[in-house]
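See below for the structure under consideration.
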Amino acid sequence: MSKRMVVIGGDATGMSAASTALRHAAEGDLEVVVLERGHYTSYSACGIPYWISGHVPDRDQLIARTPEQHREAGIDVRMRTEATAIDLEKRTVSVRGLDDGGDDGDPDDLGFDELVIATGAVPTVPPLEGADAQGIFGVQSLEQGEEIIKDLADGDRRRAVIVGAGYIGVEMAEAMVMRGLETTIVDQAPEPFTQVDPDMGALIREAMEGMGISVLTGVPVDGFDVGEDGRVRAVRAGDTVLPADIVVIGLGVKPNAQLAADAGLAIGPGGGIVTDVRMQAAPGVWAGGDCVETHHRLSGKSVHIALGTHANKHGRIIGTNIAGGYGAFPGVIGTAISKVCSLEIGRTGLGEAEAEAAGFGYVAATVESTTTAGYWPEAEEMTVKVLAEQRTGRLLGAQIVGRSGSAKRIDVFATAIWNGMTVEEMTFMDLSYAPPFSPVWDAVLVAARRAAKQVQGEIPASPV
Ligand SMILES: Cc1cc2nc3c(=O)[nH]c(=O)nc-3n(C[C@H](O)[C@H](O)[C@H](O)COP(=O)(O)OP(=O)(O)OC[C@H]3O[C@@H](n4cnc5c(N)ncnc54)[C@H](O)[C@@H]3O)c2cc1C
């Protein structure tokens with residue numbers, strides 16, 4: 001008799017788990033039902049800022065697979081259908097159709113043999129006066145992307161304020177600049193982009209200001225001024241009032257784990273569902289993507305890092321396990337990349353505060369270099385910072401802030417961390433070189449050498 005796999009959430013994790021399981025299961029062994037409360041499946045939220053900016057002209061380019069395509073592959077995809085509760089004892093999910101689903105709205109119970117919780121994350125919404133005014137948007141879903149594009153087209157929007165200067169904030173700042181809006185980005189931290197150390201964040205501020213983006217940091221947003229028509233007029237931050245025709249909130253996300261918590265599944269310190277290495281939260285109940293916590297390979301801590309790169313891997317591992325194979329998630333090291341106009345940002349491993357919190361003694365080395373040979377006409381600036389453990393020299397982290405062509409170097413550092421290399425071992429690594437691509441001593445090698453010298457005590461170990 002075939003077993004039923006029920007998946008809650010039809011994006012990266014959920015559809016990847018569903019497709020992988022169906023592909024590997026023996027014919028007729030598995031019935032796969034996916035519940036998705038939105039209008040889309042397998043969409044790229046990562047592409048939304050580039051759709052808003054106009055770089056990606058068409059929404060449909062962000063949809064890897066439509067519900068119809070999944071159905072053709074044999075998956076029973078139920079759109080506009082929400083899971084409202086999970087009963088682990090009865091092994092059922094309560095399900096209700098949403099407004100346009102043609103359903104009576106009352107929940108029905110759907111039995112499962114295997115359950116996948118892939119409910120993603122929920123954006124942080126500031127509990128501030130006026131936060132629900134018209135013209136204030138989150139940027140989590142294609143629906144929200146659509147609303148922003150429509151809003152920008154609807155009226156005379158000249159001034160944009162972005163609240164939060166993390167990944168989504170800086171990408172949305174770029175989108176607004178590309179749309180020709182006067183753009184301000186606000187963050188309560190002393191420097192933008194707290195995913196890198198403040199000294200690297202200062203370079204991001206400088207570059208954004210050079211692009212004409214106003215950067216206001218060190219002040220939390222206190223509220224929003226709203227006009228009589230119910231539309232936002234300004235963002236208030238300390239003594240500053242920032243006039244705004246449109247506001248985008250990019251304050252990060254937290255795991256969407258309430259369903260799982262209500263069902264009695266364990267929730268970790270970061271608010272995410274706790275799973276074992278095979279992504280199993282309870283027997284026959286699996287969870288992955290933005291709704292779970294994962295193991296950080298360097299700090300040893302359980303962390304919530306909401307990225308598509310992890311979500312897709314989690315989904316594949318879950319699908320493999322449900323189909324009777326063996327898949328285990330090896331953990332994360334915090335690798336990420338982003339950009340704002342021509343400025344690229346990459347990071348991997350631990351930053352200074354994280355290294356300290358984990359108890360590491362470390363040295364930090366920062367080098368300035370160029371993306372190509374210095375004499376190459378398109379040579380661009382790049383700053384690379386490396387953290388290595390004191391005494392052992394093990395690479396702990398790296399950060400890159402630079403112009404076009406710089407940030408993907410972060411993957412060399414990520415590979416080195418993944419394999420436990422020391423900065424000394426990295427110093428003579430056989431990296432590629434030709435003038436259009438790098439200086440003969442690439443910044444990766446120079447930064448590693450500088451850190452190695454600090455570990456050896458040849459130069460002072462204080463941060464550069
Ligand atoms: C603007 C933006 C840019 C990003 N850029 C990058 C990037 O450059 N690189 C990167 O690695 N990551 C990026 N990310 C993060 C990446 O998009 C997420 O990590 C990834 O989508 C997570 O996949 P997921 O399947 O876990 O969750 P989601 O993609 O959030 O999918 C969860 C799905 O579950 C559905 N759902 C939730 N609850 C229920 C329920 N009760 N019943 C039915 N359905 C439900 C939701 O409607 C949703 O479709 C970005 C995210 C955003 C918003």
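Using the alpha-carbon atoms, what tilt in degrees (0 to 90, nearest 10) does helix 308-322 show relative to the longest principal axis of the chain?
It works out to around 40 degrees.
Fewest Cβ neighbours within 10 Å first, please rank SER94, SER338, SER2, SER299 accordingly. Mind dumping the intermediate values first?
Details: SER94 16, SER338 22, SER2 13, SER299 19.
Listing SER94, SER338, SER2, SER299 from fewest to most nearby Cβ atoms yields SER2, SER94, SER299, SER338.
What nm value, rounded to one decimal, do you get for the distance between ASP276 and THR240 when each label is placed 7 Å out toward the C-beta?
Going from the ASP276 label point to the THR240 one covers 5.1 nm.
What order do you get for TRP51, TRP418 when you list them from fewest to most C-beta neighbours inside 10 Å?
Numbers: TRP51 21, TRP418 17.
The order, fewest Cβ neighbours first, is TRP418, TRP51.
Where both residues lie in the chain, what percent of DSSP beta bridges are antiparallel, nearest 5?
60
Relative to the compact globular guide of 2.2 N^0.38 Å, what is the alpha carbon radius of gyration of region 207-296, as a ratio?
1.66
Angle check, please: helix 198-210 long axis (alpha carbons) against the longest principal axis of the chain (alpha carbons), in degrees 0 to 90, nearest 10.
Long axis of 198-210 versus the principal axis of the chain: about 90 degrees.
Each residue of region 264-280 in turn: what ³J(HN,Hα) in whole Hz from Karplus with 6.51, -1.76, 1.60 and θ = phi - 60°, glycine and Pro shown as x?
Coupling constants for region 264-280: x, 6, 6, 10, x, x, x, x, x, 5, 8, 10, 8, 5, 8, 6, 9 Hz.
How many angstrom separate the Cα center of region 249-314 from the Cα center of region 22-88?
20
Exposure proxy check: VAL7, VAL221, VAL125, VAL446 ranked by fewest other beta carbons within 10 Å?
Lowest count first: VAL125, VAL446, VAL221, VAL7.
Can you list the aspartates and glutamates whose alpha carbon is less than 14 Å from that of LYS453, not counting same-chain residues fewer than 8 positions off?
Cα-Cα hits under 14 Å: GLU389, GLU424, GLU425.
If I model a spin label as a point 7 Å beyond the Cα along the Cα-Cβ vector, how far apart are those points for SER404 and LEU98 in nm?
Spacing of the two 7 Å Cα→Cβ label points: 3.8 nm.
Largest first and in whole Å, give the semi-axes of region 27-160's equivalent ellipsoid, each being the square root of 5 times a Cα gyration tensor eigenvalue.
33, 20, 13
Which pairs in the list LYS150/LYS301; LYS150/LYS385; LYS3/LYS301; LYS150/LYS254 are over 31 Å apart, alpha-carbon to alpha-carbon? Walk me through the intermediate numbers first.
Working: LYS150/LYS301 42 Å; LYS150/LYS385 41 Å; LYS3/LYS301 35 Å; LYS150/LYS254 27 Å.
Distance filter (> 31 Å) returns LYS150/LYS301; LYS150/LYS385; LYS3/LYS301.
Counting only other residues whose beta carbon sits under 12 Å from that of THR348, what net charge do I get with K and R as +1, D and E as -1?
Every neighbour counted, the sum reads +3.
Does a label point 7 Å from the Cα of ASP225, set along Cα-to-beta-carbon, have any residues of region 148-186 with amide nitrogen under 18 Å, and which are they?
Counting backbone N atoms under 18 Å from the label point, the list is 157-163, 182-186.
Can you give the Rg to Rh ratio for the chain, taking only C-alpha atoms and Rh from Kirkwood?
0.99
Cα-based Rg (one decimal) and Dmax (whole number) for region 107-217, in Å?
17.6, 57
Cα-based Rg of region 299-370 per 2.2 N^0.38 Å, rounded to two decimals?
Normalised by 2.2 N^0.38 Å, the Cα Rg of region 299-370 equals 1.48.
Using a Förster radius of 56 Å, what is the FRET efficiency between ALA261 and GLU368 based on their Cβ-Cβ separation? Nearest 0.05, please.
So, using R0 = 56 Å, E works out to roughly 0.75.
To the nearest 10 degrees, how steeply does helix 167-178 sit against the main Cα axis of the chain, on a 0 to 90 scale?
The angle comes out near 80 degrees.
Just to verify a number: FRET efficiency for ASP430 and VAL125, C-beta to C-beta distance, R0 = 45 Å, to 0.05?
The computed FRET efficiency comes out at 0.40.
Taking K and R as +1 and D and E as -1, what net charge do the other residues with C-beta under 11 Å from the C-beta of LYS301 add up to?
-1
I'd like the FRET efficiency for GLU27 and MET178, computed as 1/(1 + (r/R0)^6) with the beta carbon distance as r and R0 of 30 Å, rounded to 0.05.
0.05
Find how much the distance from LYS90 to TRP376 grows on full extension, using 0.36 nm per residue of separation minus their present alpha carbon separation; answer in nm with one decimal.
Full extension from LYS90 to TRP376 adds 96.3 nm.
Rounded if a/c is under 1.5, else prolate if a/b beats b/c, else oblate: with a ≥ b ≥ c from the C-alpha gyration tensor eigenvalues square-rooted, which is region 286-418?
Verdict is oblate for region 286-418.
Read-outs: derived from the displayed coordinates by stated rules, not from any lab. Here the structure is a predicted model, which is why all the values come from computation and not from measurement. Cβ sites come from the backbone with ideal geometry, for glycine too, and all protein chains shown count toward neighbours.
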